[in-house]
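Peer 1: There's a structure below that I have some questions on.
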Amino acid sequence: MADAEQKIDANFFQLVVSLQMAAMQQMGKITSPVSGKVEKNLDQARASIDIISMLAEKTDGNLTLEEKDLIDRILFELRMNFVDETNKAESEPAGGETEDKGEGKEEKEGEEGEKAESSDSPEDDKEKKDGD
């Protein structure tokens, strides 16, 4: 195995694996090291997978067998995970796509609620008077 590692350029390995990890984070398979949360964005995941695919196409014929095997295995793994996550997203109810979107809605509702409370208090007074 050490012999195979020596046949893979370290910079190439680092580039492909960093794109792989980005795609895994974007699919919600691993937590983000920045936020510490699982975040899902399938459009970004697709873009990361497409970049790796483009890299494989552009370097075709210029890779060692080990490098080609590495990029092919990573693409296969990512594509299978992407199909799995896409199927999960399609089977979920419309409101529960991702954790991030839900949190964003809560923040907006909270902000609107604060604005509504300050602007609704005169209306509430009118309703109370009209209702009595």
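The values are calculated or read from the model by the stated rules, or taken from the named source; none is laboratory data. Since the structure is predicted, the reported quantities are computational estimates derived from the model, not experimental observations. Positions of Cβ are generated from backbone atoms using ideal geometry, with glycine treated the same way; all protein chains shown enter the neighbour counts.
Peer 1: Consider segment 4-55. How many of its residues are closer than 16 Å to Arg73 by Cβ, β-branched (Val, Ile, Thr) and in a loop (DSSP other than H, G, I, E, B)?
Peer 2: Number satisfying all stated conditions: 1.
This table checks each residue for (1) at pLDDT below 95; (2) under 18 Å from the mean Cα position of the chain (by Cα).
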| residue | (1), (2) |
| --- | --- |
| Gln20 | no, yes |
| Thr31 | yes, yes |
| Val38 | yes, yes |
| Ile52 | no, yes |
| Leu55 | no, no |
| Lys68 | no, no |
| Glu92 | yes, yes |
| Glu112 | yes, no |
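Peer 1: Restricting to segment 74-90, and then to whatever is among the β-branched types (Val, Ile, Thr) and within 16 Å of the chain's Cα centre (by Cα), can you tell me which residue is farthest from Ile51 (Cα to Cα)? Show your work before the answer.
Peer 2: Narrowing segment 74-90 to residues among the β-branched types (Val, Ile, Thr): 74, 83, 86.
Those still in the list that are within 16 Å of the chain's Cα centre (by Cα) too: 83, 86.
Values: Val83: 17, Thr86: 19 Å.
Only one residue tops the list, namely Thr86.
Peer 1: Which residue pairs have Cβ atoms closer than 9 Å, lie 6 or more positions apart in sequence or on different chains, and pair a first residue in segment 60-71 that is touching a residue at least 40 places away in the same chain (Cβ under 8 Å) and not assigned by TED's automatic domain parsing to the domain that holds Asn11 with a second residue that is surrounded by 10 or more Cβ atoms within 10 Å (Cβ to Cβ) and not small (Gly, Ala, Ser)?
Peer 2: So the pair list comes out empty.
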